[in-house]
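Read through the structure below, which is laid out as structure tokens, and then see the notes.
Any read-out appearing in this document is the output of simple, stated calculations on the displayed coordinates, not a laboratory observation. All figures in this text were calculated on a predicted structure; none of them were measured in a lab. Don't worry about glycine lacking a Cβ; one is built from the backbone with ideal geometry, like all the others, and counts go over all protein chains shown.
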Amino acid sequence: MRWLEPGVDFSKYNKIMLDRVTFFFAADSESKDIDPAEMKALEDSCNQQLVNTLRASYPIVTEPGPDVVRLRWLLQT
């Protein structure tokens with residue numbers, strides 16, 4: 001699933017602010033036996049891959065601004 005603000009003009013953004021990818025177990029998940037260290041390693045790997053992929057086209061910044069789009073990730077297992 002994804003959510004986008006209705007009517008947003010994405011052409012005005014030329015920098016990206018990334019929130020860290022976070023995984024969590026759904027309350028009704030059948031299995032919750034993933035090792036926390038493995039889940040952390042997966043999160044770290046996803047975060048690094050996002051930065052590596054996106055920085056080829058956009059500067060990655062840590063502060064909001066009028067030309068900065070913020071991407072948030074929430075992944076449920």
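For the chain, the alpha carbon convex hull comes to 110 Å³ per residue, rounded to a whole number.
In debye, nearest 20: dipole of segment 1-66 around its Cα centre with unit charges on the Cβ of K, R (+) and D, E (-)?
420 debye
When the chymotrypsin sites (Phe, Trp or Tyr not before Pro) in segment 1-71 are filtered for DSSP coil states and for at most 11 other beta-carbon atoms within 10 Å of their beta-carbon, the remaining sites are TRP3.
Taking every DSSP beta bridge that has both ends in the chain, the antiparallel portion is near 0%.
Seen against the Cα atoms of the chain and their longest principal axis, helix 36-54 is set at about 20 degrees. Taking trypsin sites (Lys or Arg not before Pro) as exposed when DSSP calls them loop and at most 10 other C-beta atoms lie within 10 angstrom, the chain has its longest site-free stretch at 33-77.
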